[in-house]
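Computed from the coordinates by the stated procedures, all read-outs in this text should not be read as laboratory data. Quick caveat: nothing in here was measured; it's all calculated off a predicted structure. For neighbour counting, all protein chains shown are included, and Cβ atoms are generated from backbone atoms with ideal geometry for every residue, glycine included.
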Amino acid sequence: MKELKDTETMKAITLNGFGGTENLVLSELPKPVVGESDVLVLVKAISINPVDAKTRKGNALATRLEQEKPLILGWDIAGMIAETGSAVKKLKVGDEVFGMVNFPGHGKAYAEYVSATEGHLVKKPANISFEEAAAGTLAALTAWQGLVHHASIKSGDRVLIHGASGGVGHFAVQIAKEQGAYVIGTSSAKNKDFVLSMGADEHVDYKAQPFESVVKKMDWVFDTIGGDYIDRSLEVLKPGGTIISIVSGMNDDVTEKANARGVIGKRMLVQSSGMDMQALADRFGDGRLKAHVDKVFPLVRMGDAHTQVESGHTVGKLIIEV
Ligand SMILES: NC(=O)c1ccc[n+]([C@@H]2O[C@H](COP(=O)([O-])OP(=O)(O)OC[C@H]3O[C@@H](n4cnc5c(N)ncnc54)[C@H](OP(=O)(O)O)[C@@H]3O)[C@@H](O)[C@H]2O)c1
């Protein structure tokens, strides 16, 4: 593992124009300057999300970020505090921390050092690695905010989670189970055992049959797939049930389609939140929540990590070791 170093520059992966993975370039940049309420993190691990690849190609957050020069993708980090601003109160140099930095803004996480608002980070529990901590940020926050803030699951509610073996899905299964739900997860057959090991009560192989032919009377659907999964999921909801889709972007399709069928449709976009990170950290700390790391890449293989996340078949999370 790398130790604190005393130089003015750092390695970072910059995005030199929207497009293919060849536009992700290893660069030498000045270390970030830390603002009053910010901390400088020596990054040990970064996690990769589908939004990274979508933005790289010119979609997702590209319009928001196109004026940024240099543009550094990434939001999920785990590492050690190297410096603190004068107004920083809770964190100190040497603390091991993790969090999702400045989402949906310019997170600049693909770098050896990241400047972050103190409020976006929390202390890493000692029992999890930097890789597991980095994994437990954007995807875990999405599952938490979706199932705790946007849903109000009661014990015994029936919850269908699509893409239950993915980054968001594997956390969603665990969080819904903690709330006492009966959980059904979809993925292909190769990930059945993994989905059940996360705590799901039932698994549906979406390749073997249409899920709507075997799933009925759900109180909640948590949709991480989108497209026709939204229309098809409306059929499996009880009257008054709710679908929360994380792939609808900012369009109101899901709300309108759900209303037309007498159910509720919501869409959401995850937000950086220290309070929600603390709820996750507590659960990683006492074992209620586990992050599954699928593969670890070195920083110089960022393009390969993007290619893998774009496959849509990652199990759990992809991590970059810095
Ligand atoms: N709105 C927000 O705030 C927000 C936040 C996070 C993510 N997202 C979006 O949500 C989506 C999921 O993100 P993620 O990080 O969970 O992705 P991911 O890790 O790439 O998800 C991959 C998983 O999806 C499963 N899968 C693929 N096709 C499926 C299908 N037709 N039916 C059921 N499962 C299927 C795969 O299992 P198999 O290999 O077995 O097929 C795989 O394990 C992405 O589009 C992402 O951009 C939105």
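Contact order, relative form, for the stretch 103-243: 19 percent (alpha carbon pairs under 8 Å, 6 or more residues apart, mean separation divided by residue count). Each of Asn49, Ile184, Thr7 was scored by the projection of its Cα onto the charge dipole of the chain, and the greatest displacement toward the positive side belongs to Ile184; charges sit on the C-beta of Lys, Arg, Asp and Glu. Shape summary: the chain maps onto an equivalent ellipsoid whose semi-axes, from the alpha-carbon gyration tensor, are 34, 20, 18 Å in decreasing order. On the beta carbon distance between Lys57 and Glu28, with R0 = 30 Å, the FRET formula returns roughly 0.75. Placing a label point 7 Å from the Cα of Val296 along the Cα-to-Cβ direction, the residues of the stretch 111-138 whose backbone N falls under 18 Å from that point are 111-112, 124-137. Here's the list of lysines a cross-link from Lys89 could span, going by alpha-carbon distance under 16 Å and ignoring same-chain residues fewer than 8 apart: Lys123. Using C-alpha pairs under 8 Å with a sequence gap of at least 6, the mean separation divided by the residue count of the chain gives a relative contact order of 19 percent. Along its three principal directions, the equivalent ellipsoid of the stretch 216-322 from the Cα gyration tensor extends over semi-axes of 31, 19, 13 Å, largest first. Straight-line cross-link partners of Lys92 among the aspartates and glutamates, defined as a Cα under 17 Å from its Cα and at least 8 positions apart when in the same chain: Glu3, Glu36, Asp38, Glu83, Glu118.
Classify the stretch 61-123 as rounded, prolate or oblate, taking a ≥ b ≥ c as the square roots of the eigenvalues of its Cα gyration tensor: rounded when a/c is under 1.5, otherwise prolate if a/b is larger than b/c and oblate if not. Prolate shape, in that a/c is at least 1.5 and a/b is the bigger ratio. So who's got an amide H within less than 5 Å of the one on Lys44, skipping anything under 5 residues away but keeping other chains? H placed 1.01 Å off N, in plane. When sequence neighbours closer than 5 places are left aside, the close amide H contacts are Ala78, Gly79, Met80. Computed extension gain for Glu202 through Val93, at 0.36 nm per residue and net of the alpha carbon distance, reaches 34.7 nm.
Is the shape of the stretch 247-294 best called rounded, prolate or oblate, per the rule: a/c under 1.5 gives rounded, else a/b larger than b/c gives prolate, else oblate, with a ≥ b ≥ c the square roots of the Cα gyration tensor eigenvalues? Judged from the Cα gyration tensor, the stretch 247-294 comes out prolate (a/c at least 1.5, a/b above b/c). Which distance in Å, rounded to a whole number, links the C-alpha centroids of the stretch 160-185 and the stretch 222-270? The stretch 160-185 and the stretch 222-270 have Cα centres separated by 17 Å.
When only Cα pairs below 8 angstrom with a gap of at least 6 residues are kept, the stretch 154-195 shows a relative contact order of 48 percent. Against the chain, whose longest principal axis is taken from its Cα atoms, helix 274-286 shows a tilt of about 80°. Here the stretch 1-61 is treated as an ellipsoid with the same Cα gyration tensor; its semi-axes, largest first and in whole Å, are 25, 14, 12. Taking a ≥ b ≥ c as the square roots of the Cα gyration tensor eigenvalues, the stretch 132-274 comes out rounded, since a/c falls below 1.5. Keeping to pairs on different chains or 8 or more places apart, tell me how many lysine pairs in the stretch 209-318 have Cα atoms under 16 Å apart. Within the stretch 209-318, the lysine pair count is 7.
The share of alpha-carbon pairs in the stretch 261-322 lying farther apart than 15 Å comes to 69%.
Here, the stretch 1-119 has an Rg and a Dmax of 14.0, 41 Å when only alpha carbons are counted.
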